[in-house]
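Every number here is computed from the coordinates shown, using simple stated rules; none is lab data. Not measured: the values here are computed from a predicted model. Cβ placement follows ideal geometry from the backbone for every residue including glycine, while neighbour counts extend to all protein chains displayed.
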Amino acid sequence: MMSRVEAKKPSSCESEPLTSERVRVTLSVLKGVMTSCYGPAGRLKQLHNGRGGSVRTTSQSAALLTGLPVSHPVLKILVASVQNHVSCFSDCGLFTAILCCNLVENVQRIGLPPTTVIKLNKHLLSLCTSYLTSEACGCRIPVDFSCTQILLCLVRSILTSKPACMLTRKEIDHVSTLILRVFLLTIPENAKDRIILGKSVIIPLKGQRVTDSTVLPGILIEIPEVQLMKILPIKKSDSFKVALFCASLSGDLSDTGEGTLVVSYRVSLENAVLDQLLNLGRQLVSDHVDLVMCQKVIHPSLKQFLRTHGVTAIDRVGVALMEPLSKATGTQPIGSLASISPSSYGSVKDLGTAKFGSKRFFHLIPNEATVCSLLLCSRNDTAWDELKLTSQTALHALQLTIREPCVLLGGGCTETHMAAYIRHKTRSEPESILQDSACTQTELQLISEAFCGALESVAGSLEHDGGEMLTDGTYGHFWSVQADSSSVVNWPDLLSRCGCGLHSCRGELGWSFLRSPCPPFSPVTCLPPHEAAGAANNLTLDCFTAKLSGLQVAVETANLILDLSYVIEDKN
Amino acid sequence: MVMACRVINKRRHVGLQQLSSFAETGRTFLGPVKSSKFVIDEECHESVLISSTVRLLESLDLTSAVGQLLNEAVQAQNNTYRTGTSTLLCLVGAWSSAAEECLHLGVPISLIVSVMSEGLNSCIEEIVSLQVPIQNVFDCIDNTKTFSGLETLNVSLYPFLQIPSDTGLMQKKHDLKDVASQSLVIYSLPGRPVKSPKLFGPQAKVEADKNTSQTPQTLGNSLLADTHCRRSVLTHSRHFSRADNNQRISKRDGFLEQHSAATLKTYRCNDLLELEVGLSHGDDSSMKLVDEAVRLQYQNAGVQQGGRAVPFLFDISGIFTCCLPGLPETLSCVCPGYVTVVSISRTALIEELQKQPIRVVLVEGDLTENYRHLGFNKPANIKTVSESMKVEPDSSEELWTNHVLQVLIKFNVNLVLSQGNVSECLIEKCTHSKRLVVGSVNGSVMQAFAEASGAVQVAYITQVNENCVGSGVCVTFWRSIPFDAVDGTSRMAILLKTEGMNLVTVVLTSPVTAQMQTKEDRFWACAYRLHYALKEQKVLLGGGAVEFLCLSHLQILAEQSLHKGNQDSSGWFHNTSSWLASSLALYRPTVLKCLADGWHRYLSTLLCNTASYSSEFEANTFIQHHLQNAADSGSPSSYILNEYSKRKSGIFNSGISNKLEQIPSVYDIVTPKIEAWRRALDLVLLVLQTDSEIITGLGRTQIKSQDSEGFLFL
């Protein structure tokens, strides 16, 4: 036996990590990656392992950050909090990451002690959140669920912001409608005090045109044509009794444990298991089950037995479909081969088959239709992956909207509007903050400028082609204009609509460049609900809950990073 | 673990350059005249002969991210449509250069993306006018007319654009006169019997009658004053069905519009042979086999259904290819049933079995003792012990073989088809008891046998019961010539078939083993082209006509947007609030021009490949000449249709040799072609928008050793 002779390495300790050049450079690289992805004109990234693995073309934080190994603990903190946010809310991951980087960068430049900065950042954050959640908020639109316009705009905005989906305008409209339909199908018809949303399953159909995508109520299970032929014909009935197995029915011996099992040659373990399976089959037949589905494999002999008794058997359903199947049919997945309790059985209303592209599907139509399938088509794999993730994000955003029935203005307008509000608030009524945090007026001004600058920079990240960015002095919305047009006196000649599309260009709005000093003003609220709903044809919108959480996560993570004074690493 | 990130879009767009250089390798595969390539592996000195894009990409080292995306796009096209990959590759090259050109000219990336994709959309809408409907091709199918009749024609050398240029010039002078005199001609293709009554005679009159009886309502267009025009096909034409086609240049002059309306020929295709020749794209020998296969299927369907009430559908899944390398090319043929290869030692057995129909069992997996169905995990730690000394432990295989044989004897089964491997020992035993076992049978063949013989596929021989056994299978020799296969063992081909079986085997032979793959690929290319043409009930005029229309259309669009300014630009852009939307008008002509240049490059490659143009310059001059004519004519689509008819009539009149008058049309399939275009553009735009590569999981040192320049580390 060799014993370990290597001495333990001492742990390394790095003080004031943020001041190190390396951290600063890597943070700015990360920020560069995130910023360049942001928005509908964002640039894409090819994500691959450099050794011939699959290539993912994406501009989504969820795809970029998973499996992205970062070396420094500061970056790890940042990546982990963004990932955590994305796993809960799907949307606004890039926003969170960019805002956090901006905050860290801006505050560092000022050089105030971290405690003061953190305290003030917290105050500014609570100003933002209370404004966003208040009725007076000027960048929030209430959602009326009886009208699909705003919801469609929200979905469309999310799809548009991911160019790697490679959708044309017509395709965006098509997919948006489908996603909205999926969302509506998952809402139960007679909800009481609590709504429990149904399930939707996204089924890939790669190689087809996006416009071939469709939504079907119920669940589609892909099966090979050979198997389909064995299943057909399905007898007609009003209701089909269903058993769903999560245990394997393939007839292999379940875990035999360690050591060697000695068996006499006269005993066939395989036959013993098969007998057990056939007994199970007999019980299913005597219980008048019509349809047996199994997550894993069903033994061919059992399948044959079931078929000869008029029971349809479908195997290799896969783990992803188990929950929706259980929900749609009301079954308890069966995990053992011993006798089955009758309460485990469920039922479906109808069974059928369908063909899409070159694929064959078995179609289950449940009694209570809150489960549906979205067949998502895309020409190539990399665009399909992006489209799937984006569709899930959009669907999630719609679900979050039920909880908080409002949306935020997108296209950078919420950020600039909020910045204008904070500037105005900290100038006009700084007293409460000053009292609370025991800092000077100047410190407050510096930090609030850094905070607002960080917000405005996020909006500015939407621009990737060298355009100039403006904000108006009335609503505090975000506008963009072609570069080198500073000599032009009359802005309305160049501007058409603000970032979110709510306001069109009028002479009296009073524009100024985004990063230039301008006098603080109180941004005007101009969102009467009826007008908003009418003009909502082409608005760019953001999910309220996701953005609010993104804002909080970004500020809190920035505070956490600013607060770091030592990094101790175990080098062993 | 380190993440590396490389900026690939600084001044030159590396990704786009990679795309064009990859595409360059495949340019000789475009068009009907394909030059083969040898791909040689320097390490193991193996070489392959290839002549298709898919095989080329399979043999190239495409480990770079862009190369992989390209491969993915080509594979996706191939898996979905089995055709159009060379078009895809060539357009990828042409458009990546076009996109790069736009970048050089300083067009913002988002604008390139949106204008190019809308520009292609507009092309796709435009080419509807060159669609030829296919109707009832099986109505007049008869066996006196087979593909071999047209075999002597060399279609490949006459794609649309290759009218001898002097005739083109000559015709230009007579343009208006021709227009007037031809305005009432219905150009039903079989109705072109003027000089070839033997081939196309019988249907002509019938067809003309049909045309007149159809009166669609979609044509409320007042421009269509000329009611003599056969409208049934014009409904397909965007040219007439669009109420406000303000994007068309022809609108500026009412006369032009009317003129083009009058000259528009009604193309249609309702003759199978005509269609096949048009779709063969120069590969007559493959298309001849496809033709035979279709006819066989048609006969089978007729037999099955008795009458012909159900419309016949060409079922490509019922076609199977069997490659027999080493045999002379002339032995290629089409047989009803399943042709496969067995060892020559089975001769006596086959002779015995061919006397009467036999019963069959179909086995889904391997037919070996150790085979277990998918998903069955055999535990490793079980040891079987015998209690007495009498049983030898190694007899289990023999026990199993005997058991299988017993089952076969019990159900009187003489033929076993297995999808997987078959135990040698079992094959031996079965041969002794006059039973034939064939392994490695294709899934669709199994399916066909299951349907025709009534057999049900089983996983294990123990599952066999009376219901699983099929009957009525006949076994014969395909041809009684044995041949030496690559591995040296002598083998022979046998034919298995059942009454009413929906399976046709195309036997492909070639004396040169290296060509076998190519031959098979080419056969499938032709088969799938015909399949999609029949499935979609329409084809496009081929030979470069559609591409030429796209080119011409885009040039006109570019010119229009130059003059018209900012009117309808906002509709082209996703994000209407950005400054990009308002500056769209500024850049649109440039981008459209670049996209058109891509088509230009494609067409000149096509022309150069057909070998009648020695230089790219000559080809370009030729294209330029026709572009000018098309633009002058006011309606490119009618110009093209006109040229098409002129090509025939013009050649007639100029009294060129008799053989030329039979030049058939060249056709292309619709959706697969358009999808190839879209895929090509999607790929280019995807790469265009990519600004960096993120390489995960590589250590800093590994990248250093390659080229560390331009990498950033996190």
Inset, instruction - Note down the net charge around residue B:16, summing +1 for each Lys or Arg and -1 for each Asp or Glu among other residues with Cβ under 11 Å from its Cβ. - result: -1
Inset, instruction - Rounding to the nearest 20 debye, state how big the charge dipole of the stretch A:219-365 is about its Cα centre with +1 on each Lys and Arg Cβ and -1 on each Asp and Glu Cβ. - result: 560
Inset, instruction - Return the long-range amide H neighbours of residue B:132 (sequence gap of 5 or more, or a different chain), with a cut-off of under 5 Å between placed amide H atoms. - result: B:539, B:540, B:541
Inset, instruction - Would you mind checking the tilt of helix A:441-460 against the longest principal axis of the Cα atoms of chain A, expressed as 0 to 90 degrees and rounded to 10? - result: 50
Legend entry - HN-Hα J in Hz across the stretch B:520-532 - Karplus 6.51, -1.76, 1.60, θ = phi - 60°, x for Gly and Pro: 5, 4, 5, 4, 5, 4, 5, 4, 6, 4, 5, 4, 6
Inset, instruction - Work through the residues other than residue A:484 whose Cβ is under 13 Å from its Cβ and net out their charges, Lys, Arg +1 and Asp, Glu -1. - result: -2
Legend entry - Positive-pole candidate from A:335, A:249, A:239, dipole of the stretch A:219-365, charges at beta carbon: A:239
Legend entry - Per-peptide average of other Cβ atoms within 10 Å, ordering B:582-593, A:421-432 highest first: B:582-593, A:421-432
Legend entry - Counting DSSP beta bridges with both ends in chain A, the antiparallel % (nearest 5): 70
Inset, instruction - Please average, across the residues of A:376-383, the number of beta carbons from any other chain that are within 10 Å of each residue's own beta carbon, and give a whole number. - result: 5
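Antiparallel DSSP bridges in the stretch A:219-365: what percent, to the nearest 5? Intermediate results must be reported in sequence, preceding the final value.
Details: 14 of 23 bridges.
Percentage antiparallel, nearest 5: 60.
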Legend entry - Tail weight of P(r) past 20 Å, computed on alpha-carbon pairs of the stretch A:317-426, percent: 66
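How shielded is A:262-268 by partner chains, expressed as the average number of their Cβ atoms within 10 Å of its Cβ atoms?
Working: counts 5, 4, 4, 8, 5, 1, 1.
Mean shielding count: 4.
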Legend entry - Calculated from backbone phi, Karplus (6.51, -1.76, 1.60) coupling profile of the stretch B:55-65 in Hz, x at Gly/Pro: 5, 4, 5, 4, 8, 8, 8, 10, 7, 5, 4
Legend entry - Normalised contact order of chain A, rounded percent, pairs of Cα under 8 Å and 6 or more residues apart: 26
Inset, instruction - Give me the angle, in degrees from 0 to 90, between the Cα long axis of helix A:381-403 and the longest principal axis of the Cα atoms of chain A, rounded to the nearest 10. - result: 80
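Other chains' Cβ within 10 Å of B:368-381 residues: what's the mean?
Neighbouring Cβ atoms belonging to other protein chains average 5 per residue here.
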Inset, instruction - Would you list, by chain and number, the aspartates and glutamates whose Cα falls below 18 Å from the Cα of residue B:497, excluding same-chain residues fewer than 8 positions away? - result: B:292, B:315, B:351, B:352, B:451
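Using the Cα centre of chain A as the reference point, and only Cβ charges (+1 on K/R, -1 on D/E), how large is the resulting charge dipole? Debye, rounded to the nearest 20. Walk me through the numbers before you get to the answer.
Details: 51 positive and 51 negative charges, 338 e Å.
About 1620 debye.
How would B:296, A:560 line up from fewest to most surrounding beta-carbon atoms within 10 angstrom?
Ascending number of Cβ neighbours within 10 Å: A:560, B:296.
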Legend entry - Net charge, residue A:500 excluded, C-beta distance under 11 Å - Lys, Arg +1, Asp, Glu -1: -1
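Using the 10 angstrom Cβ neighbour count as an exposure proxy, how do A:491, B:677 rank, fewest first? Mind showing how you got there, number by number?
Working: A:491 19, B:677 23.
Fewest to most other Cβ atoms nearby, the residues stand as A:491, B:677.
Using the structure shown, list the pairs from A:355/B:538; A:388/B:673; A:162/A:388 with a Cα-Cα distance above 19 Å, or answer none. Walk me through the numbers before you get to the answer.
Details: A:355/B:538 22 Å; A:388/B:673 26 Å; A:162/A:388 11 Å.
Among A:355/B:538; A:388/B:673; A:162/A:388, the Cα-Cα distance tops 19 Å for A:355/B:538; A:388/B:673.
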Legend entry - Whole-Hz ³J(HN,Hα) from phi, Karplus 6.51 cos²θ - 1.76 cosθ + 1.60, for the stretch B:285-294, glycine and proline x: 5, 5, 5, 4, 5, 4, 4, 4, 4, 4
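May I ask which of A:31/B:593; B:34/B:593; A:192/A:547; A:76/A:119; A:199/B:378 have a Cα-Cα span longer than 25 Å here?
Working: A:31/B:593 37 Å; B:34/B:593 29 Å; A:192/A:547 29 Å; A:76/A:119 23 Å; A:199/B:378 36 Å.
Going by Cα-Cα distance, A:31/B:593; B:34/B:593; A:192/A:547; A:199/B:378 fall outside the 25 Å limit.
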Inset, instruction - Please report, in Å, the Rg and the Dmax of the stretch A:219-365, where both are computed over Cα atoms only. - result: 16.0, 52
Legend entry - Spin-label proximity, residue A:432 to the stretch A:116-151 - amide N less than 11 Å from point 7 Å beyond Cα toward beta carbon: A:126-128, A:130-131
Legend entry - Hits among aspartates and glutamates - C-alpha to C-alpha of residue A:206 under 17 Å, sequence gap 8 or more where chains match: A:171, A:222, A:381, A:385, A:386, B:72, B:675, B:682
Inset, instruction - Would you mind ranking A:403, B:491 by Cβ crowding within 10 Å, fewest neighbours first? - result: A:403, B:491
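How high is the relative contact order of the stretch A:243-399, given as a whole-number percent (alpha carbon pairs under 8 Å, six or more residues apart)? Before the final figure, lay out each step's value.
On the way: 192 pairs, mean separation 34.2, N = 157.
After rounding, I find 22 percent.
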